[in-house]
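Let me begin by presenting the structure, written as structure tokens, before commenting on it.
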Amino acid sequence: EEVPNTGITAASRKIASLSSPLRAIIRLRQRYRVQKKSRPHLELPREKPVEFVHTRLLQRQLSLNRTGLYGPSMSLFNQTGFESSQYFTFDTSVEQHAMKKCRRKKSRKKSRMVLYPDKTKRYLPTEEKSKAKRCLFLLMAIIFFQILNAIENLDDNLQKYDLDGLEKTMHREVFGQKVAVESIVELLKDYLATHIHNKPLVISLNGPTGVGKSHVGWLLAKHFRSVMASDFVLQYFVMHHCPSGAAPLTCEIDLSKKISDIVTRAEIEEKTPLFILDEVELMSPVLLDTLSRFFEPNQTNEFLNAIYILISNIGGGEITKFLIQNDSAELLRQHRGAEELVKIIQPVLSHVHPLWKSADIVPFVLLEKTHVINCFLEQMRREGLYPDQKHLEHLADQLTYYSTGDKQYSRTGCKQVVAKVNL
């Protein structure tokens, strides 16, 4: 039904009397009502009950059976037409199923960012354990046991030579040479810690006469003969083994043969031989050249494992001069003073022969009067005598000394002690 124009005009008059917002709202509502009435009314078919659906299916089945009575051609035509054509039914389940599919598609599009759906179980990725840690721990264990084994071997090798006992003996019987004794023992410990070396150990004992160099050599020979066999220790005195009238070539052959034989036998038994060469300043250049060949690093293994002790008075004058001029007895009792003396002696030794370039130099200083008194006391005890202090001082006064301030240094050290005691 359409609204008459008279009604609209009357309503518009009433609207004119109201306010502008209210008029706009009423006008919109009236237009909505007019459009709603003019729109065709479409009602969706309601869902039929289950019984009605069953009856419709039975009717359709009966109609199909009836058409089968007219002939196969007609039935085939109707069947194909039934399958190919689309039938309109009042059943809304198909439409609802299509609507549900659209809704599912929309919901799936919205849920693209969901990483773990609710219906699935959440499993973390399995971590693969690396075997690198095990290999690293195994390598560290091997290195640790190797180091431990090496330390035990070092200790065993040093215990075999009993260097601690040697150090105590030298400190007890060598007077006034504390720094020199410590240096010698330290060099021996470092070298004898292992049996494999790249060069032999060469120790040069230098200093004035009578300060204890030969006595240290005698103590070393005695100690190593006790810990090893005497076949591996050689004491070579130049004035005895190579006197002034002997041919240098003969002395060279004799010394080379002795060193070679001892080194060969020591290598078989895995021991380090000791060669003590006294009075080296009296050696001819031929013998010095022979020794320098044994000191070279590029040799066979057996000649690399050897210890050479060179005893000489070369550099004794420089040590005496430095000591008297500086009056540094306290300094020389320290390692810093010994390093200064090495710097003074090294050029003198290198000028005599280049073999001293590969040697470790240990300087021996002058002995004070108190050290000389101790030498007298030790020698008299060996002879079975036990004198008093006045007697010892009387014997010490018979020697000559360098006087510097309140200190006195013996010119000949303890070299004349044995003769004085015997007299």
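The values are calculated or read from the model by the stated rules, or taken from the named source; none is laboratory data. Everything quoted here is computed from the prediction, not taken from an experiment. We place every Cβ from the backbone using ideal geometry, glycine too, and count neighbours over all the protein chains shown. Protein only, heavy atoms only, side chains kept; ligands, DNA and RNA dropped before computing areas. Shrake-Rupley method; radii C 1.70, N 1.55, O 1.52, S 1.80 Å.
Being modelled with pLDDT of 90 or more and either of a type in the set (K, R) or part of a helix (DSSP H, G or I) (or both) is the filter here; which residues of the stretch 227-237 pass it?
F232 - this is the single residue of the stretch 227-237 that is modelled with pLDDT of 90 or more and either of a type in the set (K, R) or part of a helix (DSSP H, G or I) (or both).
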**Report entry** Criterion: outside any strand (DSSP E or B) and open to solvent by less than 20 Å² (accessible area, probe 1.4 Å) - qualifying residue of G217, G165, G176
**Finding:** G217
Query raised in the report: Residue check: is A246 outside any helix (DSSP H, G or I) and either closer than 16 Å to P285 by Cα or of a type in the set (A, V, I, L, M) (or both)?
Result: yes
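L341 - would you say it is under 41 Å from the mean Cα position of the chain (by Cα), crowded, with 18+ Cβ neighbours inside 10 Å and over 23 Å from W218 (Cα atoms)?
Here the answer is yes, as L341 does meet what is asked.
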Query raised in the report: Given the conditions (1) within 22 Å of L188 (Cα to Cα); (2) in a helix (DSSP H, G or I), and given that H371 satisfies all but one, which numbered condition is not satisfied?
Result: (1)
Query raised in the report: Does G384 satisfy being in a loop (DSSP other than H, G, I, E, B), surrounded by 16 or more Cβ atoms within 10 Å (Cβ to Cβ) and at positive phi?
Result: no
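Do we have E296 as in contact with a strand residue (DSSP E or B) (Cβ under 8 Å, 6 or more places away or on another chain) and open to solvent by 60 Å² or more (accessible area, probe 1.4 Å) here?
Here the answer is no, as E296 does not meet what is asked.
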**Report entry** Pair list, Cβ under 7 Å, 6 or more apart: the stretch 286-298 residue under 20 Å from P248 (Cα atoms) and outside any loop (DSSP other than H, G, I, E, B), other residue modelled with pLDDT of 90 or more and of a type in the set (S, T, N, Q)
**Finding:** T290/S256
Query raised in the report: Somewhere in the stretch 386-404, is a residue within 20 Å of L341 (Cβ to Cβ), under 54 Å from the mean Cα position of the chain (by Cα) and not assigned by the TED database to the domain that holds F275?
Result: yes
Report task. For residues that are crowded, with 17+ Cβ neighbours inside 10 Å and among the aliphatic types (A, V, I, L, M), scanning just the stretch 225-243, find the one that is nearest to V280 (Cα to Cα). Result -> V238
